[in-house]
Amino acid sequence: MTARSSAKARATRARILDAARRELGRDPDRGLGAVAEAAGVTRRTIYAHFAGRAALVEGLAADAGEAVRRASAVARAPTPDPVTSLARLVLTLWSVGDRYRTLIGLAHRDLGPDRVGALLGPARAAVAGVLAHGQRQGVFHTALPPGPLGRALEAHVLALLDSVNSGLWTDDGTAAATAVLIAMGVRPDLAATTVRGLRPSR
């Protein structure tokens, strides 16, 4: 395969995944025909890249997992202030979750808990690290250890993303990050100020 044909294949694959993300976000039961039409390709082209619907969903999951890994690495940049660290982490991961919120509805039906756990592993580790730091400094409550507390926050944020996905709410992550900080025991005024400080253009 030449460099040009390889680049064309990658671009086609990306276009198919983008169409799948949109179409399955509208209706998780959309078929490959609808995805092909949205991507501007034939069903045969989809099958050249993905063996079927399950492989297409796994392709979305793999892309999402890589985005979570990169976002978690960026957001884990060391800082002495755990409140700022947690706010930055939520805002960074929110942008990934917002792009791939289609997978929220597909996760347990199409992927299963083990695959979901693998995809979210880097984010879970990052969150647990920040929470442990904040608990040691006394800025986050200590009713739960970092692991279970992080999973509770994960469920909270995923529920908010699902509300956006279903049209019940709109948010760019600002309100979600503020709510997470407040849930961790941060004063509401400090939570709002911290998140605003990470949104200089607002």
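Read-outs: derived from the displayed coordinates by stated rules, not from any lab. Worth saying up front: this structure is predicted, and the values here are computed from it rather than measured. So basically every Cβ, Gly included, is an ideal-geometry build from the backbone, and we count neighbours across all protein chains shown.
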Please list 3J(HN,Hα) in residue order for region 47-58, calculated via the Karplus relation 6.51 cos²θ - 1.76 cosθ + 1.60 where θ = phi - 60°; whole Hz, with x for glycine and proline.
5, 6, 10, 9, 5, x, 4, 4, 5, 5, 4, 5
Modelled label-to-label distance, A55 and S163, 7 Å Cα→beta-carbon offset: nm?
4.0 nm
Using a Förster radius of 35 Å, what is the FRET efficiency between R15 and T170 based on their Cβ-Cβ separation? Nearest 0.05, please.
0.85
Cα radius of gyration and Dmax for region 113-202 (Å)
13.9, 39
What does the C-alpha gyration tensor say about the overall shape of region 1-75? Classify as rounded when a/c is under 1.5, otherwise prolate if a/b is larger than b/c, or oblate.
oblate
With angles folded into 0 to 90 degrees, how steeply does helix 82-99 sit against the dominant principal axis of the chain? Use alpha carbons for both and round to 10.
20 degrees
Treating the angle as unsigned and between 0 and 90°, give the value, to the nearest 10°, between the Cα long axis of helix 188-197 and the longest Cα principal axis of the chain.
50 degrees
Percent of Cα-Cα pairs more than 29 Å apart in the chain, please.
32 percent
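If you stretched the chain out fully between T84 and R187, how much longer would it get, using 0.36 nm times the residue separation minus the C-alpha to C-alpha distance?
Values: separation 103, 0.36 × 103 = 37.08 nm, distance 1.31 nm.
Working it through step by step, the gained length comes to 35.8 nm.
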